[in-house]
Amino acid sequence: MDELLPQLRVDLADPLAGMADPRWLEIGFGGGEHLAHQAQLHPEVSFLGAEPFVNGVAKLLAEIEERELQNVRIHDSDARDLLEVLPDGSFERIYLLYPDPWPKARHNRRRFVSAETLGHFHRILKPDGMFLFASDIADYVSWTREHIAAHGGFAEEGDAAQPYENWIETRYEAKARREGRGSSYLRFQRTGV
């Protein structure tokens, strides 16, 4: 498995090298169960996953090896660095699933959804591309909707109570259910230029 990461690691100088269109991005893939599931279901899609924690990267590498996935690349560092260098209009879909909610008000500025990251999402998504956000924290769901509205370049679609197509429950979702919290599955389509 140690030899797998170097060949799957994204080079920030040429972040899409070897990745054919269409492309989907998952930010903070945790243990990689969702990313590996989607990559197996969609071998025609190139997947890019960003996760700074070594344990999550190791779990995804094990899934890649076990499932013999050929369509996954990894950025094993902060996704913000990656967003800075990704080309305009390069992705059809972006997933941000159960991100750290930073629940204390004084920590809200650390939340991944911000004016800056939404600007990058809008830039790197193709016209009509989708930003998919799932969370079990009602305040973060509201926060995300407020930031989307302030940005103005996305339109919410679908029923937030319904999981996405081909959904697989993540360990974070399972934990939320055990603790009595429901989840919201927000879908935002890129609009405008």
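The values are calculated or read from the model by the stated rules, or taken from the named source; none is laboratory data. Note that the structure is predicted; figures quoted are calculated from it, not measured. Cβ atoms come from the backbone with ideal geometry, glycine included; neighbour counts cover every protein chain shown.
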Discussion item. I'd like the full set of residues that are surrounded by fewer than 17 Cβ atoms within 10 Å (Cβ to Cβ) and of a type in the set (A, V, I, L, M, F, W, C), limited to segment 7-51.
Written reply: Leu12, Ala13, Ala17, Ala20, Leu41
Worksheet entry | Qualifying positions in segment 125-138 - within 21 Å of Pro87 (Cα to Cα) and in contact with a helix residue (DSSP H, G or I) (Cβ under 7 Å, 6 or more places away or on another chain) | Phe131
Practice prompt. For segment 52-61, indicate whether the set of residues that are in contact with a Gly (Cβ under 6 Å, 6 or more places away or on another chain) and farther than 19 Å from Leu132 by Cβ is non-empty.
Written response: yes
Item to complete: Name, by its number, the condition in (1) out of contact with any Phe, Trp or Tyr (no Cβ under 7 Å at 6 or more places or on another chain); (2) not in a loop (DSSP other than H, G, I, E, B) that does not hold for Ile94.
Response: (1)
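Which residue out of Phe112, Phe131 is at negative phi and modelled with pLDDT under 95?
Working: Phe131 fails: modelled with pLDDT under 95.
Among Phe112, Phe131, only Phe112 is at negative phi and modelled with pLDDT under 95.
Let me confirm something: among Ser77, Ser183, which residue is among the polar types (S, T, N, Q), in contact (Cβ under 8 Å) with a residue 24 or more places away in the chain and within 28 Å of Asp14 (Cα to Cα)?
None of the other options fit; the residue is Ser77.
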Discussion item. Can you say whether Arg23 is farther than 23 Å from Phe133 by Cα, in contact (Cβ under 8 Å) with a residue 40 or more places away in the chain and not small (Gly, Ala, Ser), as far as the supplied structure shows?
Written reply: no
